[in-house]
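**Student:** I am attaching a structure below and will ask some questions about it afterwards.
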Amino acid sequence: MPLNKFNLLRLAMHLASILPALILIIGAFTGNLTANPILAVEQRTGQYALITLLLSLACTPIYILTGYRPVRKFRRPLGLYAFFYASVHFLTYIALDYSLQISRILQSLSVRPFIILGAVAWLLLAFLAITSNKKSKRILAKNWKRLHRFVYLIAVIVIIHYIWGFKGNLVLPIIYGSILLLLLIIRLPFIARRFQTNRLPDPSTKS
């Protein structure tokens with residue numbers, strides 16, 4: 001396959017998505033994950049999950065604004081990367097931070113209820129990841145698009161989870177929330193139509 005513009009973009013997308021994981025692995029082996037490495041992994045993978053999820057949601061708005069159709073093909077891989085980082089984030093919390101001790105985990109929920117939101121978001125994201133393949137799309141037919149619209153609800157839940165559990169200056173969580181709001185606004189039918197007037201209508205912009 002020739003290394004055209006799209007293939008270069010796809011390669012860059014994969015490299016950029018994998019790089020944070022490689023940095024974490026190198027940091028773990030070299031002891032450069034701060035004085036609390038478990039907390040560092042939790043925080044960073046949570047943030048990487050949110051960033052890749054937002055990038056996945058940005059694909060259709062980018063298409064709406066630019067008309068560049070191939071960018072829509074990045075939605076699924078970016079969504080799967082979001083699920084990967086969310087899974088590492090979740091497993092780090094229950095396996096490394098709380099050693100799979102159910103009593104301790106339940107006790108932590110009483111003082112850190114935002115974790116419940118994170119768990120709900122992870123479960124929903126897991127279901128979307130499992131059904132993101134072509135076979136599921138064929139089986140679910142029209143219901144597939146309806147099901148995968150839950151990704152917007154997931155993003156909202158993740159933002160709330162992030163803001164609720166964030167300690168310190170809220171500028172960064174607010175920035176992420178503002179980006180999500182902007183992406184949702186661009187997808188509004190009357191906004192999208194303004195940019196698509198001179199292009200053939202594409203049903204995927206309604207998904």
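The values are calculated or read from the model by the stated rules, or taken from the named source; none is laboratory data. Fair warning: this is a prediction, and the values are worked out from it, not measured in the lab. For neighbour counting, all protein chains shown are included, and Cβ atoms are generated from backbone atoms with ideal geometry for every residue, glycine included. The area values use the complete protein model at the heavy-atom level, side chains included, leaving out ligands, DNA and RNA. Shrake-Rupley method; radii C 1.70, N 1.55, O 1.52, S 1.80 Å.
**Student:** So how tilted is helix 75-91 from the main axis of the chain? Cα-based, degrees 0 to 90, rounded to 10.
**Tutor:** Long axis of 75-91 versus the principal axis of the chain: about 10 degrees.
**Student:** As a check on your grasp of the helix formula, calculate [θ] at 222 nm for the chain: sum -39500 (n - 2.57) over DSSP H runs of n ≥ 4, divide by the residue count, round to the nearest 500.
**Tutor:** Computed ellipticity for the chain at 222 nm equals -24500 deg cm²/dmol.
**Student:** If packing is taken as the average count of other Cβ atoms within 10 Å, what order do 43-50, 163-170, 111-118 fall into, highest mean first?
**Tutor:** 43-50, 111-118, 163-170
**Student:** Rounded to the nearest whole Å², what accessible area per residue is found for the chain with the 1.4 Å probe?
**Tutor:** Solvent-accessible surface per residue comes out at 61 Å².
**Student:** Shifting gears a bit: Explain nothing, just compute: Karplus ³J(HN,Hα) = 6.51 cos²θ - 1.76 cosθ + 1.60, θ = phi - 60°, for every residue of region 53-59 in order, whole Hz, x for Gly and Pro.
**Tutor:** In residue order, the calculated couplings are 5, 5, 5, 4, 5, 7, 4 Hz.
**Student:** Something else now. Using Cα-only point scatterers and the Debye equation, what is log10 of I(q)/I(0) for region 1-146 at each q in 0.10, 0.16, 0.20, 0.21 Å⁻¹, rounded to two decimals?
**Tutor:** Log10 I(q)/I(0), no solvent term: -0.45, -0.99, -1.26, -1.32.
**Student:** Would you mind calculating the gained length between Y152 and A12 on full extension (0.36 nm times residue separation, minus the Cα-Cα distance), in nm to one decimal?
**Tutor:** Difference between extended and current length: 47.9 nm.
**Student:** For the chain, which whole-number percentage of the solvent-accessible area (1.4 Å probe, protein heavy atoms only) is attributable to carbon and sulfur atoms?
**Tutor:** In the chain, the share of accessible area belonging to carbon and sulfur is 71 percent.
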